[in-house]
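The values are calculated or read from the model by the stated rules, or taken from the named source; none is laboratory data. Bear in mind the structure is a predicted one, so any value in this text is a computation, not a measurement. Glycine gets a Cβ as well: all are built from the backbone with ideal geometry, and neighbour counts include every protein chain shown.
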């Protein structure tokens, strides 16, 4: 029977008998499969660390695991479809003695839906804590479970650190507030402790994430505590940290104080991810976003003036209900005018339990695909032109691996997984920062050699 288990209460630190229980639990082998955004990666890393600390064994192959654990996203239809296909494949290919468990956003969003009951899993859980209690309750008393352990870090060159959960906005296209709840900032001490633990593993780049990082601290009602203060605290407390990167900023939260902080500390990447979603006032209003286009443009101008070398990234939705050729054209004009360094585009996804689901003037799929292609064509020309201007310049690059005969890395201008890369020759090793002279451009990637 497939069950949706309610959230269990968090329990205090377990101080005793870990070794005794570890011996009896070593046979429990697990593997995590994480689908979705960086926030899901963070959750899986915390869960894996907890299971290992309590005597379970992480394995690299699905065939070697007793428990196949999937942490699935449910933000958009495409994510739900991917999760269903993955789960169906795993259910068909798993051995009789293997258990397939599911937790995360997919369960939280569809907890009371027939969709969840239709999934071919042995059991589903709202959180990894509930899953942990299910697996370990027979061996460890509930009062012994520790949910505050450091996370298991697999990638050696960067780590996402979640500074807040949930969202208190009410964007017309977004489902997240319905199952993640209101915005809740993380205690700054917990954030600092997590970064300290990651630095002990020699992680050279910390990436701060939340649904909207720029509203950090405002819900805690602590005088002077905001994102700018948190960034300053991180840089001063950890001067040995090479890089701090900021993702998922909301333009209404980018204050003069934050811009000053971004420009003040050398550790903070001159990079800002600023999802604007659209650039036509009518569509922004329908989206329930800020539709003060003039204010938005003033902010972009201020960022480029105060931080001349800043790399700006944004995301936009095309094909939103009511988007005619005129509104789509305004978006393209905006792109050409402001020339973002990196841009992601998404075709509008009609999601139940959102205001836009019931909007009139829904755009046909074929038109959304055409607009998506046109938007990428405009941005491709901008990105290639801007990249060519970098030929002959030298960038500080974090080495992350090899591809054919080239090292692969990123400068301050590239976030992992979503932006281009820098391919280069010369002597280096993973995790090392080297100076690379850019010699040519290959699409969104740069090619060069160490100097």
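For residue 41, the conditions (1) assigned to a helix (DSSP H, G or I); (2) within 13 Å of residue 119 (Cβ to Cβ) are fulfilled apart from (2).
For the stretch 271-288, taking the residues that are farther than 28 Å from residue 416 by Cα and surrounded by 23 or more Cβ atoms within 10 Å (Cβ to Cβ), the one that is nearest to the chain's Cα centre (by Cα) is identified as 287. Of all residues in the stretch 356-383, none that is closer than 14 Å to residue 323 by Cα has its Cβ atom under 8 Å from the Cβ atom of a residue that is at pLDDT below 95 and not in a helix (DSSP H, G or I), 6 or more apart or on another chain.
Would you check which residues across the stretch 213-249 are closer than 28 Å to residue 316 by Cβ and surrounded by fewer than 19 Cβ atoms within 10 Å (Cβ to Cβ) and list them? Scanning the stretch 213-249 gives 218, 219. Condition check for residue 188 on (1) over 13 Å from residue 161 (Cα atoms); (2) more than 17 Å from the chain's Cα centre (by Cα); (3) in contact (Cβ under 8 Å) with a residue 12 or more places away in the chain: one failure, at (1). Elements of the type helices (runs of 4 or more DSSP H) sitting completely within the stretch 97-149 and holding at least 1 residues that are touching a helix residue (DSSP H, G or I) at 6+ places or on another chain (Cβ under 9 Å) and modelled with pLDDT under 90: these cover 114-118, 128-136.
Taken over the stretch 344-402, the criterion of being assigned to a strand (DSSP E or B), surrounded by 15 or more Cβ atoms within 10 Å (Cβ to Cβ) and over 22 Å from the mean Cα position of the chain (by Cα) is satisfied by 395 alone.
Here's the yes/no breakdown for (1) under 30 Å from residue 175 (Cβ atoms); (2) in the same structural domain as residue 332 (by TED's automatic domain parsing); (3) in contact with a helix residue (DSSP H, G or I) (Cβ under 7 Å, 6 or more places away or on another chain):
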| residue | (1), (2), (3) |
| --- | --- |
| 195 | no, yes, yes |
| 226 | yes, yes, yes |
| 235 | no, yes, no |
| 241 | no, yes, yes |
| 246 | yes, yes, yes |
| 249 | yes, yes, yes |
| 254 | yes, yes, yes |
| 279 | yes, yes, yes |
| 291 | yes, yes, yes |
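Annotation note: Cβ proximity below 7 Å between a residue of the stretch 422-435 that is without any contact (Cβ under 8 Å) to a residue 24 or more places away in the chain and a residue that is surrounded by 14 or more Cβ atoms within 10 Å (Cβ to Cβ) and not in a loop (DSSP other than H, G, I, E, B) (sequence gap 6+ or interchain) occurs for 427/450.
When residue 6 is tested against the conditions (1) surrounded by 16 or more Cβ atoms within 10 Å (Cβ to Cβ); (2) at pLDDT below 90; (3) within 25 Å of residue 165 (Cβ to Cβ), the lone failure is (1).
Within the stretch 74-99, the residues that satisfy the criterion of being in contact with a strand residue (DSSP E or B) (Cβ under 9 Å, 6 or more places away or on another chain) and crowded, with 20+ Cβ neighbours inside 10 Å are 83, 87. Taking residue 153, is it within 17 Å of the chain's Cα centre (by Cα) and modelled with pLDDT under 90? Yes, satisfied. All told, residue 71 meets the bar of being crowded, with 16+ Cβ neighbours inside 10 Å, touching a helix residue (DSSP H, G or I) at 6+ places or on another chain (Cβ under 7 Å) and either under 30 Å from residue 178 (Cβ atoms) or modelled with pLDDT of 95 or more (or both). Just checking, does the stretch 210-223 include any residue being part of a helix (DSSP H, G or I), farther than 16 Å from residue 185 by Cα and either assigned by TED's automatic domain parsing to the domain that holds residue 333 or touching a helix residue (DSSP H, G or I) at 6+ places or on another chain (Cβ under 6 Å) (or both)? No, that holds for no residue. Within the stretch 395-414, which residues are within 27 Å of residue 274 (Cβ to Cβ) and in contact with a strand residue (DSSP E or B) (Cβ under 6 Å, 6 or more places away or on another chain)? If the condition is that a residue be within 27 Å of residue 274 (Cβ to Cβ) and in contact with a strand residue (DSSP E or B) (Cβ under 6 Å, 6 or more places away or on another chain), then 395, 396, 397, 398, 400, 408, 409, 410, 411, 412, 413 are the ones that fit. Remark: residue 62 matches the filter, which requires a residue to be outside the structural domain of residue 248 (by TED's automatic domain parsing), at pLDDT 90 or above, farther than 28 Å from residue 163 by Cα and touching a strand residue (DSSP E or B) at 6+ places or on another chain (Cβ under 7 Å).
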